[in-house]
Amino acid sequence: MASNETLITLLRISIQFHTLREKTIEKSAIYREVMSMSVLKKRKWILWLSALVLIVAVQITIFMQIIIHSNIPELAEGSIEQRYAQKGSYHVKVEEVKRMSGEALFRVYYPAFQEDESYPIISWGNGTDATPDRYDELLTHLASWGFIVIDSYSKTTGTGKEIVEAIDYLKNENEQANSLFYQKIQMEHIGVAGHSQGATGVINAHTNYKSGSLIKTVVSIALPDLKHCDPEDVYDTARVTAPFLIMGGTRDFLISPVSTNQLALHNTHPNTPVMMGMAKGAAHTAIEGNGGNHRGYLTAWMRYRLSDDQEAMKAFHGDSSEMMHNANWVDVEQANMDDHKFANP
């Protein structure tokens, strides 16, 4: 009898074991199925997230291409802009000016001197973290049109201090009999031009320093909105009394939007000849390298204001001037170029 009970007990245990095993197997299968579905969902989420990241990355890349890289249009054949965008007739030389310690101070671009000729000055203001190398082609180009162009090695020119120091350096050299630049400089014909932070610097050089009174024309390129300026770099165009050219670009809508350039123009001293324009396709860095979209009219303006070039004058003088009706430029305005009213085409 005991033997039968033992057998029955063992049989029950066996049945329970098999039942438990089947349930365990069933649960394992369900678990594996659930896990498989979870992994599948995770993979789908990863795929969706990857696709989203790719789409955003492509859009950011396109956006950065737009705001960093310029689209330079063809210049109108036979235009004043095209003429002055071409290389000038002077062979250009370069002089490096260093401190006694050997530290680079200025770079000077100048027409190769022949006899007793003299030339106007252009003092350049670098953008943030830039040196003369970044504008080398442009500054060489300007010198080829009969200017002595000086640029400091300063990477922070917003106060105008280095721009004025460059002018003072050449003024002193013009008076030293043993200097390369002795009596080669037309001190009554001095212009300043600058890019970005340097665009604020040229305004401040003219308005905030004693030597600023020597400056006969100011050109600001990619002038930053005041909210982007450090406190010491803040500019006030209401104090600009020299003929003033403001050049921007349609792709520079973050740092130097059209509203910033228009505000600078409308705030300029009411008696000051002033003109502004936005170059189509020009980004914030368009002026770097060879000067891009801005090279032609920058050169023509300096020739007009510093060398009394009557052909160059036609690009700017009056509401029938070339720049006012040039399809490569938009939002062009001027005041006091031939009368006392604002004009736009």
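Going through (1) in contact with a helix residue (DSSP H, G or I) (Cβ under 9 Å, 6 or more places away or on another chain); (2) hydroxyl-bearing (Ser, Thr, Tyr); (3) outside any loop (DSSP other than H, G, I, E, B); (4) buried (at least 23 other Cβ atoms within 10 Å of the Cβ) one by one, residue 135 falls short only on (1).
Listed by first and then second residue, the pairs with beta-carbon distance under 6 Å, at least 6 apart or on different chains, first residue in segment 179-196 and among the small types (Gly, Ala, Ser), second open to solvent by 20 Å² or more (accessible area, probe 1.4 Å), are 179/173.
Looking only at segment 54-112, residues that are of a type in the set (A, V, I, L, M, F, W, C), under 25 Å from the mean Cα position of the chain (by Cα) and modelled with pLDDT of 95 or more come to 7 in all. What's the total number of residues in segment 92-104 that are surrounded by fewer than 16 Cβ atoms within 10 Å (Cβ to Cβ) and either part of a strand (DSSP E or B) or of a type in the set (A, V, I, L, M) (or both)? Residues that pass the stated criteria total 7. Tell me, yes or no, whether segment 278-287 has at least one residue that is touching a residue at least 60 places away in the same chain (Cβ under 8 Å), among the hydroxyl-bearing types (Ser, Thr, Tyr), open to solvent by 10 Å² or more (accessible area, probe 1.4 Å) and in contact with a strand residue (DSSP E or B) (Cβ under 6 Å, 6 or more places away or on another chain). No, that holds for no residue.
Taking each residue of segment 105-117 that is without any contact (Cβ under 8 Å) to a residue 40 or more places away in the chain and looking for partners that are assigned to a strand (DSSP E or B) and among the aliphatic types (A, V, I, L, M) with beta-carbon atoms closer than 8 Å, six or more apart or interchain, yields 111/92; 111/148; 112/92.
The values are calculated or read from the model by the stated rules, or taken from the named source; none is laboratory data. As the structure is a prediction and not an experimental result, all values here were calculated from the model. No Cβ is skipped: glycine too gets one built from the backbone with ideal geometry, and neighbour counts run over all protein chains shown. Protein only, heavy atoms only, side chains kept; ligands, DNA and RNA dropped before computing areas. Shrake-Rupley method; radii C 1.70, N 1.55, O 1.52, S 1.80 Å.
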